[in-house]
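Visitor: Below you will find the structure I want to go over with you.
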Amino acid sequence: MRKIIHIDMDAFYASVEQRDDPTLRGRPVVVAWRGARSVVCAASYEARRFGIRSAMPALRAERLCPDAVFVPPDFARYRTVSRQIREIFLNHTPLVEPLSLDEAYLDVTENRRGFASATETASAIRAEIREITALTASAGIAPNKFLAKVASDWRKPDGQFVIKPTQVEAFLTPLPVARVPGVGKVTQGKLSELGIATVGDLRARSERELALVFGRYGQRLYELARGIDESPVASERPARSISAEDTFAEDLPLTALDDPLRTLAQRVWASAGKAGLIGRTVVVKLKTSTFRILTRSLTPDTPPTTEAQFVALALALLDRVDLPDDTRYRLVGAGLANLVAKQQASAQSGLFDTRPADGDVGD
């Protein structure tokens, strides 16, 4: 039986800004650049009372709360604080799986401090975070990652919640399916069409029935409805891809995308080089003025080995965009996927097969 903790910092970016600038404390703070293209990176709890949420267009946030204080994000500072928090985690367990700068899973089945329970460990971690960073964190404690993730949101902010093995079924049964991590609006809509509103409703359906509607994810839903999640805390998750993208101040035609795409590809190549990684698949992402998202990808016989090769492949993918000539684009991105370490690539002579594989994905 595992003992898993999910730690989630409370309104992390906004809380760092309020900590470092006393004049922002108690005020509705929105971490975002101003402008028609900007989105909210984070909102303080004072701002959330007005309905402001992350990923919301900044203009809408301004309409919801005209008195909100907009602060441009400072990711270098947030990363510095995140590293402090990570060190606190590692003082308690080597099994830490970061999900982002402000949240992580910890497996404390065996902890370095000798605490008798995961609850004690979570309390100690939250106290140390407060002492060292002057910030607050919430925690969920449970037998697996899925339940711990749900529990961490239960007593936010600055709280913790425990789901014991004997409490799993009673806790999950009345839970709205929207509270299940991974169930977005589309999945929730399909579940609603089936008359499924709660996890208890979901548990009443057979695995076969769910698989017919949701495919492989149906099995996952079947297991989650029963509180089953066997995924371990992965302390070192290999990067799956490296990418960079840019949103334009004004929408551009396809013919004007070469230069910005070249710059982004050069940035991606430099990042991959610093990380010692080779990418087998070249990816280009586009977003139209109507917010339609397209990706074009190519997996050549052998991966690009120079920046010039990678840039050329990325630019060539633009030729595979078959939308009308008058289409305008608000965003372009470049990426490398199917990453592998350079040492591993050279050590395995058959790593890259000779089968050409490429694909287009729309919307």
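The values are calculated or read from the model by the stated rules, or taken from the named source; none is laboratory data. Just so it is clear, the model here is predicted, and its values are computed rather than measured. Heads up, the Cβs are rebuilt from the backbone with ideal geometry, glycines too, and the neighbour counts pull from every protein chain shown.
Visitor: Quick one: in segment 198-241, which of the residues that are touching a residue at least 40 places away in the same chain (Cβ under 8 Å) and of a type in the set (Asp, Glu) is surrounded by the fewest Cβ atoms within 10 Å (Cβ to Cβ)?
Guide: Glu230
Visitor: Turning to a different aspect of this structure: For segment 34-46: of the residues being more than 20 Å from the chain's Cα centre (by Cα) and farther than 27 Å from Val332 by Cα, which is surrounded by the most Cβ atoms within 10 Å (Cβ to Cβ)? Before the answer, list the steps.
Guide: Of segment 34-46, the ones more than 20 Å from the chain's Cα centre (by Cα) are 34-37, 45-46.
Filter once more, keeping what is farther than 27 Å from Val332 by Cα: 45-46.
Numbers: Tyr45: 15, Glu46: 21.
That would be Glu46.
Visitor: Taking the options Lys149, Lys145, Lys156, name whichever one is in contact (Cβ under 8 Å) with a residue 12 or more places away in the chain, touching a strand residue (DSSP E or B) at 6+ places or on another chain (Cβ under 6 Å) and more than 25 Å from Val16 (Cα to Cα). Talk me through it step by step, then tell me what you get.
Guide: Numbers: Lys149 fails: more than 25 Å from Val16 (Cα to Cα); Lys156 fails: more than 25 Å from Val16 (Cα to Cα).
Matching residue, one of Lys149, Lys145, Lys156: Lys145.
Visitor: Do we find that Ser54 is under 19 Å from Arg130 (Cβ atoms) and either of a type in the set (S, T, N, Q) or at pLDDT 95 or above (or both) in this structure? Please lay out each step first, then the result.
Guide: Working: under 19 Å from Arg130 (Cβ atoms): no; either of a type in the set (S, T, N, Q) or at pLDDT 95 or above (or both): yes.
Criteria not met by Ser54.
Visitor: Let me ask something else about it. What strands (runs of 3 or more DSSP E) lie completely within segment 102-198 and have 1 or more residues being of a type in the set (Gly, Ala, Ser) and not assigned by TED's automatic domain parsing to the domain that holds Arg216?
Guide: Correct list: 103-107, 137-142.
Visitor: I'd like the residue in segment 251-305 that is assigned to a loop (DSSP other than H, G, I, E, B) and closer than 20 Å to Arg240 by Cα and, out of all such residues, is nearest to the chain's Cα centre (by Cα).
Guide: Gly276
Visitor: Related question: Select from segment 169-197 the residues that are over 20 Å from Gly215 (Cα atoms) and either within 25 Å of the chain's Cα centre (by Cα) or surrounded by 17 or more Cβ atoms within 10 Å (Cβ to Cβ) (or both) and list them in ascending order.
Guide: We begin by selecting, within segment 169-197, every residue over 20 Å from Gly215 (Cα atoms); these are 169-176, 179.
Within segment 169-197, Phe171, Leu172, Leu175, Pro176, Arg179 meet the criteria.
Visitor: Quick check, is Arg126 charged (D, E, K, R), more than 23 Å from Ala11 (Cβ to Cβ) and surrounded by 16 or more Cβ atoms within 10 Å (Cβ to Cβ)?
Guide: No; evaluated as a whole, the condition is false for this residue.
Visitor: In segment 4-31, how many are on the phi > 0 side of the Ramachandran plot and surrounded by 14 or more Cβ atoms within 10 Å (Cβ to Cβ)?
Guide: 1
Visitor: Here is a further query. Given the conditions (1) at pLDDT below 95; (2) buried (at least 17 other Cβ atoms within 10 Å of the Cβ); (3) part of a helix (DSSP H, G or I); (4) not aliphatic (A, V, I, L, M), which single one is not true for Phe89?
Guide: Among (1) at pLDDT below 95; (2) buried (at least 17 other Cβ atoms within 10 Å of the Cβ); (3) part of a helix (DSSP H, G or I); (4) not aliphatic (A, V, I, L, M), the lone unmet condition for Phe89 is (1).
Visitor: What is the one condition in (1) more than 30 Å from Leu221 (Cβ to Cβ); (2) crowded, with 24+ Cβ neighbours inside 10 Å; (3) not hydrophobic (A, V, I, L, M, F, W, C) that Glu120 does not satisfy?
Guide: Unmet condition: (2).
Visitor: Still on this structure, please answer the following. So, of the residues in segment 47-83 that are of a type in the set (Gly, Ala, Ser) and surrounded by 15 or more Cβ atoms within 10 Å (Cβ to Cβ), which turns out to be farthest from Val31 (Cα to Cα)?
Guide: Only one residue tops the list, namely Ser82.
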